[in-house]
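Structure record follows, encoded as structure tokens.
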Amino acid sequence: MQNLDELYQLILDRKQNPQPGSYTKYLFDRGLDKILKKVGEEATEVVVAAKNESDPEFILEVADLAYHVEVLMAERGITPDQIKKELAGREGKQSQYADRKEIKNW
Ligand SMILES: N=c1c2ncn([C@@H]3O[C@H](COP(=O)(O)OP(=O)(O)OP(=O)(O)O)[C@@H](O)[C@H]3O)c2ncn1[C@@H]1O[C@H](COP(=O)(O)O)[C@@H](O)[C@H]1O
């Protein structure tokens, strides 16, 4: 079974060793704007799927988004370890969240 680290390594490999017919190669060839459009598109599909009843459809859309975000990270030169480090730095901290005051005078 493939985890997100392994998928990222495969994406990096596709970047370094482009293969004919590879969708990942196609995205890298088209560049950052295309990758960003796909991330936006897939994020919208996650939102719509989340509102519907079907769990398999939602899972599929989240997986599509995860793949495209990892392609974006590879394009920007950011590794999963950097994301993990950021998340680890937040671990155990309590957010300073307070309810927003109602706006009375517009
Ligand atoms: N996880 C994925 C993955 N998720 C989604 N997709 C592709 O993302 C595309 C999204 O479909 P869309 O209909 O939105 O887009 P499209 O119409 O095909 O193309 P465009 O809109 O981008 O022009 C599909 O072609 C999917 O195949 C993926 N393509 C590849 N992977 C992984 O990447 C690995 C390497 O794939 P290749 O680069 O193709 O060898 C694969 O083994 C998988 O593990």
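The values are calculated or read from the model by the stated rules, or taken from the named source; none is laboratory data. The structure displayed is predicted, hence computed values, not measured ones. Cβ: placed from backbone, ideal geometry, glycine included. Neighbour counts: every protein chain shown. The area values use the complete protein model at the heavy-atom level, side chains included, leaving out ligands, DNA and RNA. Shrake-Rupley method; radii C 1.70, N 1.55, O 1.52, S 1.80 Å.
Residues of the stretch 20-29 that are open to solvent by 80 Å² or more (accessible area, probe 1.4 Å) and either near the ligand (Cβ under 8 Å from one of its atoms) or touching a strand residue (DSSP E or B) at 6+ places or on another chain (Cβ under 7 Å) (or both): Gly21, Tyr23, Tyr26. Residue count for the stretch 62-91 satisfying the condition of being in contact with a helix residue (DSSP H, G or I) (Cβ under 6 Å, 6 or more places away or on another chain) and either among the basic types (Lys, Arg) or modelled with pLDDT under 95 (or both): 0. Please verify whether the stretch 15-33 includes one or more residues that are more than 15 Å from the chain's Cα centre (by Cα), in a helix (DSSP H, G or I) and among the hydroxyl-bearing types (Ser, Thr, Tyr). Scanning the stretch 15-33, I find at least one residue that is more than 15 Å from the chain's Cα centre (by Cα), in a helix (DSSP H, G or I) and among the hydroxyl-bearing types (Ser, Thr, Tyr), so the answer is yes. Only residues that are of a type outside the set (A, V, I, L, M, F, W, C) and open to solvent by 80 Å² or more (accessible area, probe 1.4 Å) were counted across the stretch 46-66, and they come to 6.
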